[in-house]
Amino acid sequence: MSTNALNVTSPACARYWSELKDLSNKEKIELIALLSSSMTADDEESTSHKKGWASRFAGTWKDSRSAEEIVRDIHSARTTNSFDVEL
């Protein structure tokens with residue numbers, strides 16, 4: 001069976017297909033299982049990584065100033081460009 005008959009459009013898939021097309025059905029099924037499990041593992045890992053990501057930062061900001069004082073300090077520290085920009 002040719003790659004065109006299987007409609008392989010990705011160059012990476014076409015490259016690997018040339019090596020994998022001659023595997024036995026049993027080997028292809030095993031490969032499918034390995035690929036599928038790797039995708040599931042990645043999904044579970046990325047989902048668990050995303051859950052609670054904000055909690056990693058909880059409690060890390062230590063400051064005796066109030067929120068209003070912090071905002072005032074940020075605003076007062078702002079600077080403007082003192083040079084001309086030509087477009």
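FYI, it's all coordinate maths here, none of it is from the lab. Since we're looking at a predicted model, the values are computed, not measured. Note that we place each Cβ from the backbone using ideal geometry, even for glycine, and neighbour counts take in every protein chain shown.
Which net charge results for the neighbourhood of R65, defined as the other residues with beta-carbon distances under 13 angstrom from its beta-carbon, given Lys and Arg at +1 and Asp and Glu at -1? Could the numbers behind the result be given before it?
Working: positive: K62, R72; negative: D63, E68, E69, D73.
That sum, taken over residues with Cβ under 13 Å, equals -2.
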| note | Computed ³J(HN,Hα) along segment 73-79: with the Karplus parameters 6.51/-1.76/1.60, θ = phi - 60°, integer Hz and x for glycine or proline, the list is 5, 4, 4, 6, 7, 5, 10
